[in-house]
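Just so it is clear, none of the values below were taken in a lab; they were calculated from the coordinates. Just so you know, these numbers come straight off a predicted model, no measurement behind them. Virtual Cβ from ideal backbone geometry, glycine too; neighbours counted across all protein chains shown.
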Amino acid sequence: MSSKHNFFTIIPHNTQFDFVGNAKNFLVMSGIILTLSLVGVAVRGINWGVEFVGGTEIQVAFGQHADVAAIRATMEGAGFENTTVQQFGAAEINEHLIRVERISVLTPEAVARVKAEVQKAAGDQLLEVTSSEREGDRITVFLKGTPMPKEEATPPPAESSPPPAAPGNPEQVALTDKMLEPNGVKLEAAVKAAGLELRPSDARRSVLGTGREEHLIFVKGVSSRVMEALKAKFGEGTIERRTDYVDATVADELRTDGILAMMYALAVILLYIAIRFDFYFSPGAIVALFHDVLVAVGVVAWVHLDFDLTLVAAFLTIIGYSINDTIVVYDRVRERLNHREKGESLGDTINRSINETLSRTILTSATTFFVCASLLAFGGRVLHGFGLAMCVGIITGTYSSFAIATPMYMWLRNKFPEGLAAPGKA
């Protein structure tokens, strides 16, 4: 009885594709793909998400059909220029993402008008007016402190009389609030005169500090004004689903850190391959990684997806996945070089190595691709960009391992046969 087992095979193990002989064809194909990617970036541009440009992103559900052009015109009429409007999900759900390049209505011009009006209202009592975009839609006004009323001299209370109110008790606080009210009302009027609307509820908070009054005045923010304009145009069925804010300074830091993260990853990978193999292998791996990421960026540009932190995570994942596949091929190439048959050329050795890992590579890539395709199909908008970038990255990462990384290794070996350390010394 035979002990030999027959296993189900999808990819034959003894393939003999001439990858080295088609290296020029692969180069032409990669050149075309990269050109299309760069054209996509140049023509369509990078649709930076709110995390990288700063501003306010509002997801709005409409009770009726709302045209993108009509929404954009409504935003311009409300004073929000350069507004980006995108359909969210299927057309029948009538939801849109509205991105405004501001997180506060308190622009420098608006703050200047407020200061001028407050100066008129407060006169010499004004100490300072402050407003910061990072603090949100609020204005802080400092006035010279209102002196406490002097208590009239009174005879000592009789033993049966209640003791006087201690400082800080409710009666004293009420007296303080009452004293701050006239100035607070004047400041509210000054802010309105500057063309700003106060928050419907809790529009002002006033505090009596040491030697000065502090009045915090809150105005209607970006999301409130956007929703008011949309409801006036499209009816009360317009609902605010969610709102995200990112300060412009924070957005610059996130964009810089995201780019640096990818650069650091590439640098560490270059160093690792140089140590793990040798410098003949490193350039090909890095060029292949740049190829994979650029193709994914090009697809994202053509589709016009939001370039956000989720996509940065996808690109870093693509780098890790692609280099893993490249190292598998490299490892087999190095092993075959150390045990090369007599008379076997470098090209034959590379071809044999790639063919021996082809089955493993395709099966691993296919299973990973199916998972990412599921994220793309069923993950919703939050994971849509990640799923698409990963699907593209898996295809290009598999392709670049044998079409870019290994041909470049072979070219370096032929171009500089004595210039670098001999392969096989790990």
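If you sort the three axes of the alpha carbon gyration tensor as a ≥ b ≥ c, you get a/c of 1.5 or more for the stretch 226-305 and a/b above b/c, which makes it prolate. Per residue, the average separation of C-alpha pairs within less than 8 Å and at least 6 apart gives the stretch 273-413 a relative contact order of 43 percent.
Taking other C-beta atoms within 10 angstrom as a stand-in for reagent exposure, I362, I32, I71, I394 fall in the order I32, I362, I71, I394, fewest first. Say the cut-off is 25 Å between C-alpha atoms; which of K120/K192; K115/K231; K186/K231; K192/K231; K115/K144; K24/K342 go over it? Long pairs (Cα-Cα over 25 Å): K115/K231; K186/K231; K24/K342. Which of the three applies to the stretch 197-266, rounded, prolate or oblate, going by the alpha-carbon gyration tensor with a ≥ b ≥ c and a/c under 1.5 meaning rounded? Oblate.
Quick one: grab the alpha carbon gyration tensor of the stretch 188-329, order the square roots of its eigenvalues as a ≥ b ≥ c, and give me rounded if a/c is under 1.5, else prolate or oblate depending on whether a/b is larger than b/c. Verdict is prolate for the stretch 188-329.
For Y399, neighbours were defined as the other residues whose beta-carbon sits under 14 Å from its Cβ, and their charges (Lys and Arg +1, Asp and Glu -1) total -2. Mean sequence separation of contacting Cα pairs (under 8 Å, at least six apart), scaled by the length of the stretch 283-359, corresponds to a relative contact order of 30 percent.
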